[in-house]
Amino acid sequence: MTIAALNWGELSPEKFLAEYWQKKPLLIKQAFKNFEDTIPADELAGLAMEAEIESRIVSVDNKGDWQVDHGPFEDFSQYGEENWTLLVQAVNNWSRPTNSLLQPFAFIPRWRIDDVMVSFSTPNGGVGPHLDQYDVFIIQGSGKRRWQVGAPNKALSTLLPHPDLKQVSAFEPLIDEITEAGDLLYIPPNHPHNGVSIENSVNFSIGFQAPSSQELWSSFADKLIDNNLGELRFSDTARKVTDSSTLISKADQQQLKAFMLEQLEDTALFEQFIGQYLTQSHHALELLMPVNEIDADKLADILSEPEILFMPVSGLKAAITSEAEITLFLNGDSFPIDKQSLPLAELLAEQSPLTTNQVKNFNSCLKNTQLLTNVLNKGYWYIE
Ligand code: SIN
Ligand code: CO
């Protein structure tokens, strides 16, 4: 399923990035013409019954008491007809049509996108007014919802109506609209927002990832430690007599800082680290490992069938780096790429399904054969 192009109206991706991205919320009415839900509500409920898929139900009773239940769920009948919403994370890892909702946002690199969260809300259902730390695009699917979005405001207080539910106090909305199928809402980080369902409605939230500095430092340290890359010790062969034996001098501090930064400045090491870090999925992924390992002969056998497709598993995070060495990253795994394999690596990173003929053409080069068998054996690609 390919979703229709995003209808920007007066805007363009360039204007959007310059004027709105991380700055101002935006509602584009009918951004997607004739939009249809990429997953039916009963299938979404089915995903919420799976243990490895993160889901929750947020409900509010007539007294205004909030409740949060975490999946997996066995049945939904206790929740009744209104006042609740079911939220399922990373639906794009399980639903290929939902994964295709990422296509219109390819003007932002894939590593910056985390997942597509899908919510099904009954009348008056929602999670209450709150802030998120990440940018989000929300596509309104079937049904109608009232969305209010405000500006960041330090005067807002944090409320905890339930230990698992962080909300904020009432805010002044900049956007206050009823969204309908195909409308697109953009909410920058830390902008208070509240979506209250008017009727049964479905929302698709394209959530972004933005690592914190402490997450990056800590993962970089893990990378050094796991690979014993930080065992070299500080040395100071040019030391001069000190005036104060108790002072950690400015010069010493600078030398120590430069010593620490040396590894961050190592482009090959940094690319390995950042490619692996940014393509690691934060949610369970269905890898499709072949029963028997596929070698070059087996691949040639497979290619004697004319009508097969080579497919990536849904939701895979992929990237290429090329500053030091060309490397393809899939789900935190790295594959060194020779120059002649770059066209294949690019198709793998874009996650285009490959036809028998395409693969046959690539397969005439040994490096391509190795790359193909590698991604198939790791379960990132499979044969359909
Ligand atoms: C929802 O779809 O109910 C929640 C989306 C959000 O506010 O982040
Ligand atoms: Co939110």
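The values are calculated or read from the model by the stated rules, or taken from the named source; none is laboratory data. Model, not experiment: these values are computed from the prediction. Cβ: placed from backbone, ideal geometry, glycine included. Neighbour counts: every protein chain shown. For the accessible areas, the whole protein counts, side chains as well, though only heavy atoms, and no ligand, DNA or RNA atoms are used. Shrake-Rupley method; radii C 1.70, N 1.55, O 1.52, S 1.80 Å.
Figures for the structure shown
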item: Residue tally, condition open to solvent by less than 90 Å² (accessible area, probe 1.4 Å) and assigned to a loop (DSSP other than H, G, I, E, B), over the stretch 287-303; result: 6
item: Residue match in the stretch 306-326 (condition: modelled with pLDDT under 95, open to solvent by 30 Å² or more (accessible area, probe 1.4 Å) and not in a loop (DSSP other than H, G, I, E, B)); result: yes
item: Which listed residue, of Ile206, Ile138, is within 11 Å of ligand 1 (Cβ to nearest atom), touching a Leu at 6+ places or on another chain (Cβ under 6 Å) and under 26 Å from Ile57 (Cβ atoms); result: Ile138
item: Selected residue (criterion: least open to solvent (accessible area, probe 1.4 Å)) from residues of the stretch 228-264 that are of a type in the set (Asp, Glu) and not in a helix (DSSP H, G or I); result: Asp236
item: Options Ile206, Ile225, Ile178; residue that is within 29 Å of Met117 (Cβ to Cβ), away from ligand 2 (no atom under 16 Å from the Cβ), outside any loop (DSSP other than H, G, I, E, B) and among the β-branched types (Val, Ile, Thr); result: Ile178
item: Residue tally, condition under 19 Å from the mean Cα position of the chain (by Cα) and open to solvent by 80 Å² or more (accessible area, probe 1.4 Å), over the stretch 14-64; result: 3
item: Cβ-Cβ under 6 Å pairs, at least 6 apart or on other chains, the stretch 187-215 side of a type in the set (Ser, Thr, Tyr), far side within 15 Å of ligand 2 (Cβ to nearest atom); result: Ser197/Ser121; Ser197/Gly125; Ser197/Arg145; Ser201/Ser121; Ser201/Arg145; Ser205/Met117; Ser205/Val136; Ser205/Ile138
item: Selected residue (criterion: most open to solvent (accessible area, probe 1.4 Å)) from residues of the stretch 181-190 that are more than 9 Å from ligand 2 (Cβ to nearest atom) and within 12 Å of Leu131 (Cα to Cα); result: Asn190
item: Residue match in the stretch 156-164 (condition: within 13 Å of ligand 1 (Cβ to nearest atom), touching a strand residue (DSSP E or B) at 6+ places or on another chain (Cβ under 8 Å) and touching a residue at least 12 places away in the same chain (Cβ under 8 Å)); result: no
item: Number of positions in the stretch 121-154 that are in a loop (DSSP other than H, G, I, E, B), of a type in the set (Ser, Thr, Tyr) and open to solvent by less than 40 Å² (accessible area, probe 1.4 Å); result: 1
item: Subset of the stretch 155-173 that is within 15 Å of ligand 2 (Cβ to nearest atom) and in a strand (DSSP E or B) - its residue that is surrounded by the fewest Cβ atoms within 10 Å (Cβ to Cβ); result: Thr158
item: Test: residue in the stretch 88-104 that is surrounded by fewer than 16 Cβ atoms within 10 Å (Cβ to Cβ) and within 21 Å of Lys29 (Cβ to Cβ); result: yes
item: Residues located in the stretch 79-94, provided they are more than 18 Å from Gly64 (Cα to Cα) and not aliphatic (A, V, I, L, M); result: Gln89, Asn92, Asn93, Trp94
item: Boolean, Ala151 is among the aliphatic types (A, V, I, L, M), more than 15 Å from ligand 1 (Cβ to nearest atom) and over 24 Å from the mean Cα position of the chain (by Cα); result: yes
item: Test result for Thr355, open to solvent by less than 20 Å² (accessible area, probe 1.4 Å), over 17 Å from Ala318 (Cα atoms) and out of contact with any Cys (no Cβ under 6 Å at 6 or more places or on another chain); result: no
item: Flag for Asn62 being part of a loop (DSSP other than H, G, I, E, B) and on the phi > 0 side of the Ramachandran plot; result: no
item: Selection status of Ile274, within 30 Å of Trp381 (Cβ to Cβ) and in a helix (DSSP H, G or I); result: yes
